[in-house]
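Written below as structure tokens is the structure these notes are about.
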Protein chains: 2
Amino acid sequence: MYRNFKIVPNIIFGRGAFNQLDDILQTRRPGKDAYMVFVIDDVFTGKPLEGRLPLKGRDLLLRVNVDDEPKTSYIDALVAQIRAYHSETPAGIVGIGGGSAMDIAKAVSLMLNNPGSSADYQGWDLINNPAVYHVAVPTLAGTGAEISRTAILTGPVKKLGINSDYTLFDQILLDPELLAGVPKDQWFYTGMDCYIHDVESLAGTFINEFSKAYGEKSLELCRQVFLEDHPDKDDKLMMASYFGGMSIAYSQVGACHALSYGLSYVLGIHHGIGCCIAFDYLDEIYPAGVAEFRQMMARHDISLPRNLTRDLGQAAMEKMVTTALGLVPLWENCLGPDWAGIMTRERTMELYRRM
Amino acid sequence: MYRNFKIVPNIIFGRGAFNQLDDILQTRRPGKDAYMVFVIDDVFTGKPLEGRLPLKGRDLLLRVNVDDEPKTSYIDALVAQIRAYHSETPAGIVGIGGGSAMDIAKAVSLMLNNPGSSADYQGWDLINNPAVYHVAVPTLAGTGAEISRTAILTGPVKKLGINSDYTLFDQILLDPELLAGVPKDQWFYTGMDCYIHDVESLAGTFINEFSKAYGEKSLELCRQVFLEDHPDKDDKLMMASYFGGMSIAYSQVGACHALSYGLSYVLGIHHGIGCCIAFDYLDEIYPAGVAEFRQMMARHDISLPRNLTRDLGQAAMEKMVTTALGLVPLWENCLGPDWAGIMTRERTMELYRRM
């Protein structure tokens, strides 16, 4: 049985495409009372991008903070805020920012049409009602959040996405000009999320030709961006991210993403840098990928934080191991059906101890 | 201004995925009176594939003949046949076959919900009402018809597609096993439609990074299929076709496709072989592509028909030239805004005379 893969059905790509956001939203404003909610990373507060948002009438500007990765309690509070703002459901949600801002936009658009707490829906296909129309405007590239069917959230008992076809955006707007002001470290870590994702899925056991075609091209674009010089590197990185996301259709990530989840859950480390930290200790599993990753780090003068788990107690370490090993499909993809005998709790603990 | 590109929102890919067609259609059968129409190339009459169609209840099996490329009159007759079969509109149309069968499925699904003759809609965005739900099941790879927003038809006055977002399929089912029985010549010509398309769009002036990423990977897959040996070459060709189709978002084909349209319109030559015939005379425009194409022909022992226009009168020749040169965007993409001074009627005539 193959997955019948659902794809974001509308995409616009190009330098300056952000200027067409108004026209795109116009087709989704059913009447003069209809309003849009712009969910934007608060790093843009007072920045030119905020001034370029096509706000109209009763539209709501919702600045979100992503110093911590999004929590289910935060989503629930944002949804309550929108409901308090207006008795009618908004005509659309526009998420502007990196992976976390896009995850918030996805989760909010789902929860506006589904009762209860977002924590109730962490898992697979638990959502019953379609989301409010929602649009992705990434200002970082590499997470694949613009195309993925998950909104990754940290809940009271787990870090796990709301995975469903309804989670998918209705529209993606890819404007490479929006990548211009990203700080170098963030640019690198987010791009490596994509690179590592490609290495993991191409080396995995689940892959087929559909996902291979996307993953190989994504990897090639990452190499052009991080190991060569190209004037249109931002265009390439946006395409690498989109292709990386598409490649997940019939593939899965692997050991590095699993370990990164543990780092995030216990230490609150952001996903991109968490992937980089973990990948640097995975020579045995991905030798060629890790070697190339180190070339990329050297070329961009990146130094990773070290000794993160030095002061961590046994209970926290155990929780981290449990979180990582709980992601069964990732380990199956990486090491095959007998993965549990290969990646034991002891070996996982040892990897975390070195980080 | 960039095009807001609409994509087929559901795709299933895999060997044996055809066995899941029943499940996919089931979700679209609203009640026991609902019926599906299977539009299938009559080359499969009595063949095993026909026996594997998941026909239920009142479903209609509509065998279509594509010895000639689809005409608007043929579409109108098929629509009349479906209306005579049942007063209710079908719940879905499933197109099974090559580019022509898929074009018929697209056009029929549009015309069931739009009044008049299909000839009234040859052009761009003339369709007012959404189509009936329609599914593509390609049994040939290379046309890109599974993903394109056009249904190419030969009308009383022109060969021109019904181009609209509504033309797009709602679902693509890509099962590489379905390519197994294709005759070698047809396999080659249809694959070359994709290869030539990629060469034209990558060499064109309209390209951006979105279309380049798709086009380059499609070209690479074509090379693997036609110049190397791979056990999964059918999987690769299906992906090449899909990627080639996606690359059209922000690109356009060129001289070869334009000339092939003239051959089709006047001589009734099918599109794939028409592209091959024309491409072989385009060394001046696509030198590297034509050289590689000849390697592919040699490797697969293909001989093209020659002297096709030898007995053609002046009026027919003029009509062919007019058809080809009428495709302005293709020439602009190929030769830039001053194309008309470069590809004169005389030069076009001379090219056709040699074919």
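The values are calculated or read from the model by the stated rules, or taken from the named source; none is laboratory data. Predicted model, so just to flag it, every value in this text is computed and none were measured. For neighbour counting, all protein chains shown are included, and Cβ atoms are generated from backbone atoms with ideal geometry for every residue, glycine included. Just so you know, the surface numbers come from the protein's heavy atoms only, side chains and all, with ligands and any DNA or RNA stripped out. Shrake-Rupley method; radii C 1.70, N 1.55, O 1.52, S 1.80 Å.
If each residue of separation counts as 0.36 nm, what is the full-extension length gain between B:L308 and B:D283 once their alpha-carbon separation is subtracted?
Stretched out fully, the B:L308 to B:D283 stretch lengthens by 7.1 nm.
Where in region A:1-41 does the label zone of A:W124 land, with the point 7 angstrom along Cα→C-beta and an amide N cut-off under 14 Å?
Only A:1-5 fall inside the zone, counting backbone N under 14 Å.
So, counting K/R as plus one and D/E as minus one, what does the shell of residues with Cβ under 11 Å around A:G215 add up to?
Net of charged neighbours comes to -2.
Explain nothing, just compute: Karplus ³J(HN,Hα) = 6.51 cos²θ - 1.76 cosθ + 1.60, θ = phi - 60°, for every residue of region A:327-335 in order, whole Hz, x for Gly and Pro.
Values, residue by residue: 8, 3, x, 5, 6, 4, 4, 6, 10 Hz.
Please report the accessible area of B:R294 (heavy atoms, 1.4 Å probe, ligands and nucleic acids excluded) in Å², nearest 10.
90
Assume the label is 7 Å from Cα along Cα to beta carbon: what separations in nm does B:A298 have to the matching positions in the other copies?
Inter-copy label distances (nm, one decimal, shortest first): 4.2.
Run the helix sum for chain A: -39,500 (n - 2.57) per DSSP H stretch of 4+ residues, divided by residue count, reported at 222 nm to the nearest 500 deg cm²/dmol.
-14000 deg cm²/dmol
With only Lys, Arg, Asp and Glu charged, each at its Cβ (+1 for the first two, -1 for the last two), find how big the charge dipole of region B:155-216 is about the Cα centre; round to the nearest 20 debye.
About 320 debye.
With no solvent and one point per C-alpha, what does the Debye sum give as log10 I(q)/I(0) for chain A at q = 0.09, 0.14, 0.15 Å⁻¹?
Debye curve over Cα of chain A, log10 I(q)/I(0) at q = 0.09, 0.14, 0.15 Å⁻¹: -0.47, -1.17, -1.34.
Name the residue farthest towards the positive end of the dipole of region A:148-234 from the options A:L219, A:N208, A:L160, assuming +1 on Cβ of Lys and Arg, -1 on Cβ of Asp and Glu, about the Cα centre.
Final value for the positive-end residue is A:L160.
Accessible area of B:D165, 1.4 Å probe, to the nearest 10 Å²?
Rounded to the nearest 10, the figure is 60 Å².
What does the structure give for B:204-214 when I average, per residue, the other chain Cβ atoms found within 10 Å of the residue Cβ?
Going residue by residue through B:204-214 and averaging, the value is 5.
Quick one: label points 7 angstrom along Cα→Cβ at B:G116, distances to the other copies in nm, smallest first?
Once sorted, the set of distances for B:G116 reads 5.1 nm.
Mind jotting down the distance between the C-alpha centroids of region A:302-355 and region A:184-259, whole Å?
22
Size of the dipole of the protein assembly as shown about the Cα centre, Lys and Arg at +1 and Asp and Glu at -1 on the beta carbon, nothing else charged, in debye to 20?
That gives a dipole near 920 debye.
For B:P156, place a label point 7 Å out from Cα along the Cα→Cβ vector, do the same in each other copy, and report the separations in nm, one decimal, smallest first.
Result, one decimal in nm: 7.1.
Pick from B:L267, B:L312, B:L78: which residue has the top mean-square fluctuation in a GNM of chain B where Cα pairs under 10 Å get a spring?
Maximum fluctuation in the GNM of chain B, among the listed residues, is at B:L312.
If a/c stays under 1.5 just call it rounded; otherwise compare a/b with b/c (prolate if a/b is bigger, oblate if not). Do that for region B:238-355, with a ≥ b ≥ c from the square roots of the Cα gyration tensor eigenvalues.
oblate
May I ask which residue of B:L110, A:Y189, A:A105 lies farthest towards the positive end of the charge dipole of the protein assembly as shown, with charges of +1 (Lys, Arg) and -1 (Asp, Glu) on Cβ and the Cα centre as origin?
Ranked along the dipole, the leading option is B:L110.
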